[in-house]
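The values are calculated or read from the model by the stated rules, or taken from the named source; none is laboratory data. Keep in mind it's a predicted model, so treat the numbers as computed, not measured. Counting neighbours? That spans all protein chains shown, and the Cβs are built from the backbone with ideal geometry, glycine included. Heads up: the accessible areas ignore ligands, DNA and RNA and are worked out on the full protein's heavy atoms, side chains in. Shrake-Rupley method; radii C 1.70, N 1.55, O 1.52, S 1.80 Å.
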Amino acid sequence: MNKLILIFAAALAISCGNNKKEEKSDMQIGTKVEQKTPVATDEAVDDAVANITITGNDQMKFDRNEIRVKAGQKVKLTLKHVGTMDKAVMGHNWALLTKDADVATVGQATAETTDHDKMPDSVKDQIIVHTKMLGGGESDTIEFDAPAPGTYTFMCTFPGHYALMQGKFIVE
Ligand code: ZN
């Protein structure tokens, strides 16, 4: 194998001086073919998977108040805490509530817990999925199947945050 490559390289070096133009056009064709494949793959993935990124900051805010996905999609959601504060004082998570959940009830129940990664039994049934509680600079990615079409609420369950940190999760 190595010998073959050496011979090929030598042949290339010899032909280089004479055929510079031809070589260039060969390389361009090669590049075009390489680019086509990844683009096609990305499009296929996009249909099946909704890649969502949402951030939370030290001002107690998400960077978006609406997320839209399609029914049947797998949702790959990443929450990034783009602030610098500790999770004990400015923790953020992303929790998706069931359609009939009451935001205030979930907000009050989760505010009374000390382990913010464990949803209280009283409201567990009202939370479809949630990320870890994060401090500044941290991120967490979760994957789940988009629930049935409809409008859901997402929120941060850190004590007192849901008033500012909530939004709509719409499944079309
Ligand atoms: Zn928060």
How many of the residues making up the stretch 95-125 are touching a helix residue (DSSP H, G or I) at 6+ places or on another chain (Cβ under 7 Å) and open to solvent by 40 Å² or more (accessible area, probe 1.4 Å)?
1
Kindly list, by first and then second residue, each pair from a residue in the stretch 75-93 that is open to solvent by 90 Å² or more (accessible area, probe 1.4 Å) to a residue that is more than 13 Å from the ligand (Cβ to nearest atom) and assigned to a strand (DSSP E or B), limited to pairs with Cβ atoms under 7 Å and residues at least 6 apart or on different chains.
Lys80/Thr53; Lys80/Ser139
Looking at the stretch 96-114, is at least one residue within 20 Å of the chain's Cα centre (by Cα) and either in a helix (DSSP H, G or I) or at pLDDT 95 or above (or both)?
yes
Hits in the stretch 139-172 (condition: away from the ligand (no atom under 11 Å from the Cβ), in a loop (DSSP other than H, G, I, E, B) and either without any contact (Cβ under 8 Å) to a residue 24 or more places away in the chain or crowded, with 17+ Cβ neighbours inside 10 Å (or both)):
Ala146, Pro147
